[in-house]
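A.B. asks: Can you keep this structure in mind? I'll have questions shortly.
The values are calculated or read from the model by the stated rules, or taken from the named source; none is laboratory data. None of the values given here were measured: they were computed from a predicted structure. All Cβ positions, even for glycine, are placed from backbone atoms using ideal geometry, and neighbour counts span all protein chains on display. These area figures cover heavy atoms from the full protein model, side chains too; ligands, DNA and RNA do not enter into them. Shrake-Rupley method; radii C 1.70, N 1.55, O 1.52, S 1.80 Å.
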Amino acid sequence: MIYRLLLGLTFLLSFNNVGAQSTPNVVVSIKPIHSIVSGLMKGVSRPQLLLESSDSAHTFHLKPSQLNLLSNANLVITIGDGFETGLKKTLGNIKVGSHIIVSEIDGLHLFYFRNPDTNEVDKNEEHADNDLHLWLDIDNVQQTAQYISEQLIKIDSNNSNTYETNLIKIHSRLNKLKSELQQQIALFRSERFAIFSDTLQYFEKSFQFQKPVIITPYHGARLSIHRTLEARKKMKDLKIKCLLYGPENTSKKMNVLSEGLPIKALRIDVLGAKLNAGSDQYFNLMKGLSNQLVECLE
């Protein structure tokens with residue numbers, strides 16, 4: 001009898017010890033932020049990615065397996081309601097203290113979408129005023145990494161030394177990345193370009209580019225006749241030679257904008273959807289955007 005009691009006590013103690021030492025289950029909505037969290041958690045655990053390459057954060061509907069990810073998570077990290085609009089209802093059920101909304105972190109540089117044609121208002125177009133492509137500013141990512149590291153330490157103090165060491169490495173990589181990109185694009189900052197929707201302003205402002213010609217003010221805005229004619233006139237008058245557009249746009253639509261003009265149209269993806277998820281994804285994304293912009297402006 002005593003033997004059984006001792007055996008049961010040993011089992012309970014070992015079970016509780018395993019629970020105490022278990023690593024946090026972290027779920028991140030999009031690849032660029034998931035990349036940073038992967039770097040922070042290296043040597044501890046791997047965060048789960050909620051939205052894969054083919055998913056749209058704006059119109060996304062969760063599968064049962066993804067609902068399970070969220071329900072079992074110790075920490076969920078998203079950009080904000082104005083970005084993951086397709087997840088708004090589900091994310092509202094996550095308990096307080098278990099959800100990091102990156103756009104609400106203190107000290108970030110945040111911008112509004114810039115409307116290029118305030119005279120044209122379409123009541124059928126609904127959108128958020130805040131531009132939440134905030135990861136395209138490396139300084140924002142530095143601040144985000146700092147904050148997430150602090151939250152990981154709060155819920156997993158046993159691995160605090162690893163999180164602190166990883167944060168130092170990420171800060172160093174981000175500083176190096178910023179320096180490299182500044183050198184690469186230094187000769188092109190005075191060149192103006194055009195962009196279909198206003199998704200690149202964090203990158204543009206952080207590296208002191210000239211304000212681009214903005215065809216539509218936000219993702220999903222329609223390409224009206226008015227917008228087309230205004231954009232073509234501006235691009236011609238300013239001698240724009242580079243037009244950037246997102247993966248959701250067709251080359252046919254870009255041809256309508258650039259036909260007859262000496263403009264190079266180039267598709268960019270500010271999420272890096274086709275890049276492999278992991279700790280290198282963010283760095284590959286930013287280097288890729290810089291390479292594409294230089295290629296387009298050359």
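A.B. asks: Out of the strands (runs of 3 or more DSSP E) lying entirely within the stretch 161-249, which hold 1 or more residues that are polar (S, T, N, Q) and within 22 Å of the chain's Cα centre (by Cα)? It would help to see each step written out before you state the result.
C.D. replies: Details: elements: 194-197, 213-216, 242-245.
By residue number, 194-197, 213-216.
A.B. asks: If I filter the stretch 46-79 down to residues being over 23 Å from VAL96 (Cβ atoms) and among the polar types (S, T, N, Q), which single residue comes out as modelled with the lowest pLDDT?
C.D. replies: Across the stretch 46-79, the extreme among qualifying residues is SER54.
A.B. asks: Right, next: Check the stretch 221-230 and report whether any residue there is open to solvent by less than 30 Å² (accessible area, probe 1.4 Å), among the β-branched types (Val, Ile, Thr), under 24 Å from GLY82 (Cβ atoms) and in contact (Cβ under 8 Å) with a residue 12 or more places away in the chain. Give the steps one after another, and end with the answer.
C.D. replies: First, the residues of the stretch 221-230 that are open to solvent by less than 30 Å² (accessible area, probe 1.4 Å): 221, 224, 227-228.
Then keep just the ones that are among the β-branched types (Val, Ile, Thr); that gives 228.
Remaining after also requiring under 24 Å from GLY82 (Cβ atoms): none.
No: zero hits.
A.B. asks: So is ILE214 farther than 26 Å from ASN130 by Cα, touching a residue at least 12 places away in the same chain (Cβ under 8 Å) and either open to solvent by less than 50 Å² (accessible area, probe 1.4 Å) or of a type in the set (A, V, I, L, M) (or both) or not? First the steps, then the outcome.
C.D. replies: Values: farther than 26 Å from ASN130 by Cα: no; touching a residue at least 12 places away in the same chain (Cβ under 8 Å): yes; either open to solvent by less than 50 Å² (accessible area, probe 1.4 Å) or of a type in the set (A, V, I, L, M) (or both): yes.
It is false that ILE214 is farther than 26 Å from ASN130 by Cα, touching a residue at least 12 places away in the same chain (Cβ under 8 Å) and either open to solvent by less than 50 Å² (accessible area, probe 1.4 Å) or of a type in the set (A, V, I, L, M) (or both).
A.B. asks: Another one. Give me the residue from the stretch 64-99 that is without any contact (Cβ under 8 Å) to a residue 24 or more places away in the chain and among the aliphatic types (A, V, I, L, M) and, out of that set, nearest to ASP137 (Cα to Cα).
C.D. replies: Within the stretch 64-99, the match that is nearest to ASP137 (Cα to Cα) is LEU91.
A.B. asks: Quick check, is GLN146 under 19 Å from SER103 (Cβ atoms), without any contact (Cβ under 8 Å) to a residue 60 or more places away in the chain, open to solvent by 10 Å² or more (accessible area, probe 1.4 Å) and not in a loop (DSSP other than H, G, I, E, B)?
C.D. replies: On the way: under 19 Å from SER103 (Cβ atoms): yes; without any contact (Cβ under 8 Å) to a residue 60 or more places away in the chain: yes; open to solvent by 10 Å² or more (accessible area, probe 1.4 Å): yes; not in a loop (DSSP other than H, G, I, E, B): yes.
Yes; evaluated as a whole, the condition is true for this residue.
A.B. asks: Could you check LEU110 against (1) at pLDDT below 95; (2) open to solvent by 80 Å² or more (accessible area, probe 1.4 Å); (3) under 30 Å from LEU238 (Cα atoms) and say which number it fails?
C.D. replies: Among (1) at pLDDT below 95; (2) open to solvent by 80 Å² or more (accessible area, probe 1.4 Å); (3) under 30 Å from LEU238 (Cα atoms), the lone unmet condition for LEU110 is (1).
A.B. asks: Looking only at the stretch 60-90, which residues are under 21 Å from the mean Cα position of the chain (by Cα), assigned to a helix (DSSP H, G or I) and among the small types (Gly, Ala, Ser)?
C.D. replies: Correct list: GLY86 only.
A.B. asks: Might you let me know whether the stretch 154-165 holds any residue that is surrounded by 13 or more Cβ atoms within 10 Å (Cβ to Cβ) and more than 30 Å from ALA73 (Cβ to Cβ)?
C.D. replies: No: zero hits.
A.B. asks: Of the residues in the stretch 250-266, how many are open to solvent by 20 Å² or more (accessible area, probe 1.4 Å) and either in a loop (DSSP other than H, G, I, E, B) or in contact (Cβ under 8 Å) with a residue 24 or more places away in the chain (or both)?
C.D. replies: Within the stretch 250-266, the first condition is being open to solvent by 20 Å² or more (accessible area, probe 1.4 Å), and the residues that meet it are 250-253, 255-256, 259-266.
Then keep just the ones that are either in a loop (DSSP other than H, G, I, E, B) or in contact (Cβ under 8 Å) with a residue 24 or more places away in the chain (or both); that gives 250, 253, 256, 259-264, 266.
Qualifying residue count for the region: 10.
A.B. asks: Given (1) surrounded by fewer than 20 Cβ atoms within 10 Å (Cβ to Cβ); (2) not in a loop (DSSP other than H, G, I, E, B), where does ASP269 come up short, assuming only one miss?
C.D. replies: ASP269 satisfies all of (1) surrounded by fewer than 20 Cβ atoms within 10 Å (Cβ to Cβ); (2) not in a loop (DSSP other than H, G, I, E, B) except (2).
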